[in-house]
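Asker: Structure provided below as structure tokens; questions to follow.
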Amino acid sequence: MQTWQSVPVPHVPGPPRPLRLYDTASREIRPTTPGQIATMYVCGITPYDATHLGHAATYLAFDLVHRVWLDNGHEVHYVQNVTDVDDPLLERAARDAADWVVLAMRETALFREDMEALRILPPREYIGAVEAIPEITEVVAKLLAGGVAYRVGDESYPDVYYDHAATQWFGSESNYDEPTMLALFAERGGDPDRPGKRHPLDPLLWRMARPGEPSWDSELGAGRPGWHVECSVIALNRLGMGFDVQGGGSDLIFPHHEYSAAHAEALTGQHPFARHYVHAGMIGLDGAKMSKSRGNLVFVSKLRGDGGGVDPMAVRLALLSGHYRTDREWTPALLEAATSRLADWRSALTAPAGPPAADTIARLRTHLSDDLDTQRALLAVDAWVSEARSGRGADPDAPGRLRAAVDALLGVSV
Ligand code: 5CA
Ligand code: ZN
């Protein structure tokens, strides 16, 4: 798929700091240890209602990972998918009497625009589930041949399921016990009660075509892929086993990322799928998680356009003012505070002189490399800005230097 436009990332003088991130699997903050090419897969949208502030916050967190790696001199091979065929998308299209393909294309186009406006660096490869179907059927066929996948159902719809107990590593990503897994599986798209499965926790790999549903011919029979195997295959075929970061919101810890890892591990016999599993907290509105199914959404495009007239850089700063791993509420006050912070930064960072910037740049790097501590990073810039605005400092190079660092590391252009 076509990705979106990138923006230049200025070079920041001074020593970079290697990135440490919290890993859901090991439950600790550990250094990331990329080679020359750092590799990251972040789960993309299901394009039926893009882009709310929860999505934006999650992609923003991984944009910082991208930027800190670039600062450390790595190239970044970043892959993202689009879940452009799945039950929720088909259900929304049916509800609105819309064509699911048109709906998916429209919302994906809107998502690209929002990502550009927020200055989120694009993935190197942006892959739709539909375009990956031949890769997916090949893997499902191999899992079937290996005995770790099996057919269920009556003869008309012999869907393919994955045996969750196929490897000894199942559970090592989420660390959840079985009752928790069963509850989340039922809540998030699984079908624990489907008769004929070997175990309630076994997930769907390939759904045989029902009348009126989109389907693709394949060696498995006409049908469409299950959700987890899509991301598993798209990541594995581009990044290989043991890539640096698998990312998404915390609602993907289970079942999605557990099964994505499990499928690839069963296929290759290798562990781990990803070396870090990194999860962003949930953005809420009025006390509940912002979600398409609940409909309590604030859209990035609504804020930007339609007379909203909000500067996307203020949206960016508002989302960065909380820690990426913390579940947090979106409020108008957050945006107001960010708008005034942006104005202060703008005036100080475009002034003819200011206090020396090297220490502030070092603090910015220190905080971001420490599990993306954006709260402290913003406070470090605030401190410089308030000194500059009180008239202290006569270094003519300082505002430009710090402006470049704020652009490169935080993605905020003033
Ligand atoms: N297409 C799948 C992933 S393969 C999916 O979860 N799509 S989504 O459109 O529902 O969400 C896209 C990304 O935004 C996911 O990483 C999800 O975890 C994250 N996300 C969804 N809602 C929120 C929220 N309220 N706060 C933060 N992140 C969210
Ligand atoms: Zn995914």
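The values are calculated or read from the model by the stated rules, or taken from the named source; none is laboratory data. Just so it is clear, the model here is predicted, and its values are computed rather than measured. Cβ placement follows ideal geometry from the backbone for every residue including glycine, while neighbour counts extend to all protein chains displayed. Ligands, DNA and RNA are excluded from the accessible area calculation, which covers all protein heavy atoms including side chains. Shrake-Rupley method; radii C 1.70, N 1.55, O 1.52, S 1.80 Å.
Asker: Taking the alpha-carbon distance from LYS142 and a cut-off under 20 Å, which aspartates and glutamates remain once sequence neighbours fewer than 8 residues away in the same chain are dropped?
Answerer: GLU131, ASP159, ASP163, ASP202, ASP217, GLU219, GLU230, GLU258, GLU265
Asker: Another one. Could you point to the residue in PRO203, TRP169, LEU90 farthest towards the positive end of the stretch 83-215's charge dipole, with +1 and -1 charges on the Cβ of Lys/Arg and Asp/Glu respectively?
Answerer: Of the options given, the answer is TRP169.
Asker: Quick one: order GLU230, GLU91 from most to least accessible surface, probe 1.4 Å.
Answerer: So, going from the largest accessible area down, we get GLU91, GLU230.
Asker: Could I ask something else about it? May I ask you to give the solvent-accessible area per residue for the stretch 21-144, in square angstrom, as obtained with a 1.4 angstrom probe? Let's see the in-between values first.
Answerer: On the way: 4170 Å² over 124 residues.
Result: 34 Å² of accessible area for each residue.
Asker: Go through the stretch 132-146 residue by residue and turn each phi into a ³J(HN,Hα) via Karplus (6.51, -1.76, 1.60, θ = phi - 60°); whole Hz please, and just put x for glycine and proline.
Answerer: 9, 4, x, 5, 5, 5, 4, 5, 4, 4, 5, 5, 5, 5, x
Asker: Here is a follow-up. Tell me the angle of helix 178-187 to the major Cα principal axis of the chain, expressed in degrees between 0 and 90 and rounded to the nearest ten.
Answerer: Taking Cα atoms only, the helix is inclined about 90 degrees.
Asker: I would also like to ask the following. Go through 358-364, 23-29 and give me the packing order, highest mean Cβ count within 10 Å leading.
Answerer: 358-364, 23-29
Asker: So, with a 1.4 angstrom probe, what is the percent of accessible area on the chain that is carbon and sulfur?
Answerer: 51 percent
Asker: To continue, here is another question. Using only Cα atoms, locate the centre of the stretch 243-275 and the centre of the stretch 307-343, then give the distance between them in Å, rounded to an integer.
Answerer: 31 Å
Asker: Count the net charge of all other residues whose Cβ sits under 11 Å from the Cβ of MET208, scoring Lys and Arg as +1 and Asp and Glu as -1.
Answerer: My count for the surroundings of MET208 gives 0.
Asker: If you take the charge dipole of the stretch 222-325 about its Cα centre, with +1 on Lys and Arg Cβ and -1 on Asp and Glu Cβ, which of LEU285, THR268, CYS231 is farthest toward its positive end?
Answerer: With unit charges placed on the Cβ atoms, the residue in question is LEU285.
Asker: Taking the Cα centre of the chain as origin, sum charge times position over the Cβ atoms of Lys and Arg (+1) and Asp and Glu (-1), and report the length of that vector in debye to the nearest 20. Don't skip to the end; give the middle numbers.
Answerer: Working: 39 positive and 55 negative charges, 237 e Å.
Result for the chain is approximately 1140 debye, rounded to the nearest 20.
Asker: Hey, another quick one. If R₀ is 60 angstrom, what is the calculated FRET efficiency for the pair ALA109 and SER390, using the beta carbon separation as r and rounding to 0.05? Walk me through the intermediate numbers first.
Answerer: Numbers: r = 46 Å, r/R0 = 0.76.
Between ALA109 and SER390 the formula returns 0.85.
Asker: Determine the sum of side-chain charges near ARG92: Lys and Arg each +1, Asp and Glu each -1, restricted to other residues whose C-beta is under 12 angstrom from that of ARG92.
Answerer: For residues surrounding ARG92, the net value is -4.
Asker: Evaluate the charge dipole of the stretch 116-176 about its Cα centre and quote only its size in Debye, nearest 20, assuming +1 on the Cβ of each Lys and Arg and -1 on the Cβ of each Asp and Glu. Intermediate values should be presented prior to the final figure.
Answerer: Numbers: 4 positive and 10 negative charges, 49 e Å.
About 240 debye.
Asker: May I pose another question? Divide by every residue of the chain the summed helix terms, -39500 (n - 2.57) for each DSSP H run of at least 4, and state the resulting mean residue ellipticity at 222 nm, rounded to the nearest 500 deg cm²/dmol. Provide the component values of the computation, followed by the final result.
Answerer: On the way: 13 runs with 161 residues, N = 414.
For the chain, the value works out to -12000 deg cm²/dmol.
Asker: Can you tell me which aspartates and glutamates have their Cα less than 18 Å from the Cα of LYS292? Leave out same-chain residues fewer than eight positions away.
Answerer: Straight-distance partners of LYS292: ASP49, ASP84, ASP86, ASP87, GLU91, ASP96, GLU107, ASP114, GLU187, ASP251, ASP327, GLU329.
Asker: I would also like to ask the following. Can you work out the accessible area per residue across the stretch 229-351, with the rest of the protein chains kept in place, probe 1.4 Å, in square angstrom?
Answerer: For the stretch 229-351, the solvent-accessible area averages 34 Å² per residue.
Asker: Rank by packing, highest mean first: peptides 296-302, 93-99, with packing defined as the count of other Cβ atoms within 10 Å averaged across residues. Mind dumping the intermediate values first?
Answerer: On the way: 296-302: 17.7, 93-99: 11.4.
The most tightly packed comes first, giving 296-302, 93-99.
Asker: Roughly how many whole Å is it from the C-alpha centroid of the stretch 350-377 to that of the stretch 28-73?
Answerer: The stretch 350-377 and the stretch 28-73 have Cα centres spaced 20 Å from each other.
Asker: Straight-line reach only, C-alpha to C-alpha below 20 angstrom: list the lysines that LYS289 could link to, leaving out same-chain residues fewer than 8 apart.
Answerer: Within the straight-line cut-off, LYS289 pairs with LYS302.
Asker: In addition: Compare the peptides 9-20, 159-170 by average per-residue count of other Cβ atoms within 10 angstrom and give them in order, highest first.
Answerer: Numbers: 9-20: 16.1, 159-170: 19.9.
So the order, starting with the most tightly packed, is 159-170, 9-20.
Asker: For helix 332-349, report the angle its Cα long axis makes with the longest principal axis of the Cα atoms of the chain; keep it between 0 and 90° and round to the nearest 10°.
Answerer: Between the helix axis and the principal axis of the chain, the angle is about 50 degrees.
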